[in-house]
Amino acid sequence: MNRIEKYYDQSPEKEWLRLQRTAYDTIEATITKKYLLQYLKPNFKVADIGCGPGIYSTWLLENGNDVLLCDLSEGLLNLAKQKISEIKALGKVIDFMKADATDLNGIQADQFDVTLLFGPIYHLLDEKKRVAAIQEAKCITKPGGYIFVSTINRICPFLNMLHNSTEELVVELSEDPEELDRILSTGCYENFEETPNQFTDAYFAKTNEVPDLFKGQGIALIETFGCEGIAAYIYGKAEIIFKNPVAWRKFIEILFQQSKEPSTLGMSEHVVYVGQKPVL
């Protein structure tokens with residue numbers, strides 16, 4: 001069992017809560033769902049590769065889609081099955097599949113209207129594996145179907161520490177700047193010692209990387225959006241806005257309207273790329 005699989009097996013419930021712990025944490029999924037709704041139709045078949053505990057899958061099922069759930073972590077898949085059972089939607093599940101995003105040989109080609117890669121690229125430190133994940137997603141997607149790929153921005157670890165753990169950043173800058181320089185230059189973070197309360201092995205991408213991967217596989221880039229965008233790293237300030245439902249709705253509307261602006265992509269924690277598989 002590799003470190004990434006072990007990390008998620010140890011705390012599947014933590015991952016279920018990740019997008020709903022605070023007002024700020026809900027922004028990522030809220031903006032992403034708004035875009036998904038522009039592409040989804042009832043009864044579309046969706047492959048949720050790197051499905052985690054089924055946060056998006058449960059929503060997709062509730063919206064009438066058939067979903068294949070695939071993840072490296074058995075613990076996350078088991079929690080996803082539990083959550084889907086609670087909403088009585090197991091009948092719309094195509095399958096629960098334990099697999100690596102870089103090897104989807106067990107899935108029939110040209111089968112899905114939409115394929116989601118909302119987690120795998122976060123953890124593929126090797127470029128060849130990132131290429132393989134895009135190739136596999138393309139293979140299982142129908143001609144004319146859509147592929148959504150999410151990344152964490154390259155500058156994210158630095159900005160997160162700057163806004164959320166400033167004292168820790170001071171230590172890093174003064175005592176161990178080489179590690180921070182390495183992460184910013186390569187995008188790779190490895191938790192060799194499996195330190196508790198720290199993220200597992202992760203890859204932080206530049207905004208040009210997925211478009212280049214799409215181009216290399218003949219996938220057309222349809223659009224790119226930042227999830228948090230101009231609201232990135234506001235943390236506690238989001239709670240203030242959230243207390244007023246009218247203000248919060250307008251706030252989300254503005255984030256959505258501005259989410260494709262090039263100036264907002266680099267500042268967003270998460271960036272999503274929508275590609276389309278060519279029609280033969």
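Accessible area per residue was computed with a 1.4 Å probe on protein heavy atoms; GLU62 scores about 130 Å².
Centre-to-centre, using Cα atoms only, the stretch 122-164 and the stretch 216-252 are separated by 18 Å. Size descriptor for the stretch 141-202, Kirkwood hydrodynamic radius: 13.6 Å (Cα pairs only, one decimal). Charge dipole of the stretch 196-280 (Cα centre as origin; +1 on each Lys and Arg Cβ, -1 on each Asp and Glu Cβ, all else neutral): 240 debye, rounded to the nearest 20.
Taking a temperature of 4 °C and a viscosity of 1.567 mPa s, what whole-number D in µm²/s does Stokes-Einstein yield for the stretch 1-148 with Rh from Kirkwood over alpha carbon pairs?
The diffusion coefficient I find is 84 µm²/s.
Compare ALA247, ALA89, ALA238 in a GNM of the chain, Cα atoms joined below 10 Å, and give the one with the largest fluctuation. Looking only at ALA247, ALA89, ALA238, the biggest GNM fluctuation is shown by ALA247.
Only protein heavy atoms count here; under a 1.4 Å probe, TYR146 has an accessible surface of about 50 Å². Take the Cα of SER185, go 7 Å toward its beta carbon, and none of the backbone nitrogen atoms of the stretch 102-145 fall under 16 Å from that spot. Diffusion coefficient (Stokes-Einstein, Kirkwood radius over C-alpha pairs, 10 °C, 1.306 mPa s) for the stretch 169-239: 103 µm²/s, rounded to a whole number. Summing charges over all other residues whose Cβ lies under 10 Å from the Cβ of ALA99, with Lys and Arg as +1 and Asp and Glu as -1, gives -3. Might you work out the accessible area of TYR7 for me, using a 1.4 Å probe with all protein chains in place, and round it to the nearest 10 Å²? The accessible area of TYR7 comes to roughly 40 Å². Within the stretch 197-280, the proportion of C-alpha pairs whose separation exceeds 21 Å stands at 44%. Judged by the ratio a/c of the largest to the smallest principal axis of the C-alpha gyration tensor, the stretch 45-111 counts as oblate, that ratio being 1.5 or greater while a/b is no larger than b/c. The listed residues HIS270, HIS163 rank as HIS163, HIS270 when sorted by accessible area, largest first, using a 1.4 Å probe. Once Rh for the stretch 127-280 is found with the Kirkwood sum over Cα pairs, what is the Stokes-Einstein diffusion coefficient at 25 °C and 0.890 mPa s, in µm²/s? Stokes-Einstein gives a translational diffusion coefficient of 140 µm²/s.
Just to be sure I follow: if Rg is taken over the C-alpha atoms of the chain and Rh is the Kirkwood radius over the same atoms, what is Rg/Rh? The Rg/Rh ratio comes out at 0.95.
At 0.36 nm per residue, minus the direct Cα-Cα distance, what do ASP95 and LEU265 gain on full extension? Give it in nm, one decimal, please.
Extra length available between ASP95 and LEU265 comes to 57.8 nm.
Placing unit charges on each Cβ (+1 for Lys and Arg, -1 for Asp and Glu) gives the stretch 175-280 a dipole about its Cα centre, and among LEU213, ALA202, ILE241 the Cα reaching farthest toward its positive end belongs to ILE241.
The simple spin-label model puts a point 7 Å past each Cα toward its Cβ; for THR195 and LEU37 those points are separated by 4.1 nm. Each of ILE4, ALA80, PHE256 was scored by the projection of its Cα onto the charge dipole of the chain, and the greatest displacement toward the positive side belongs to PHE256; charges sit on the C-beta of Lys, Arg, Asp and Glu. Projected onto their three principal axes, the Cα atoms of the stretch 100-176 cover extents of 51, 20, 15 Å, largest first. When the alpha-carbon atoms of the stretch 1-57 are used, the pair Rg, Dmax equals 13.6, 38 angstrom. A cut-off under 10 angstrom between Cβ atoms defines the neighbours of TYR273, and their net charge, with Lys, Arg +1 and Asp, Glu -1, is -2. Per-residue ellipticity at 222 nm from helix content only, as computed over the chain with -39500 (n - 2.57) for each DSSP H run of at least four residues, stands at -13500 deg cm²/dmol. Starting from the Cα gyration tensor of the stretch 119-160, take the square roots of the eigenvalues, sort them a ≥ b ≥ c, and report rounded, prolate or oblate (rounded when a/c is under 1.5, otherwise prolate if a/b is larger than b/c, else oblate). Cα axes put the stretch 119-160 in the oblate bin. In a shell of Cβ-Cβ distance under 15 Å around LEU37, excluding LEU37 itself, what net charge do Lys and Arg (+1) and Asp and Glu (-1) give? With Lys, Arg at +1 and Asp, Glu at -1, the net is -1. Taken along its principal axes, the alpha carbon cloud of the stretch 96-135 reaches lengths of 27, 18, 17 Å, longest axis first.
The values are calculated or read from the model by the stated rules, or taken from the named source; none is laboratory data. Since this is a predicted model, take the numbers as computed values, not measurements. We place every Cβ from the backbone using ideal geometry, glycine too, and count neighbours over all the protein chains shown. Keep in mind that these areas ignore ligands, DNA and RNA; they rest on the heavy atoms of the full protein, side chains included. Shrake-Rupley method; radii C 1.70, N 1.55, O 1.52, S 1.80 Å.
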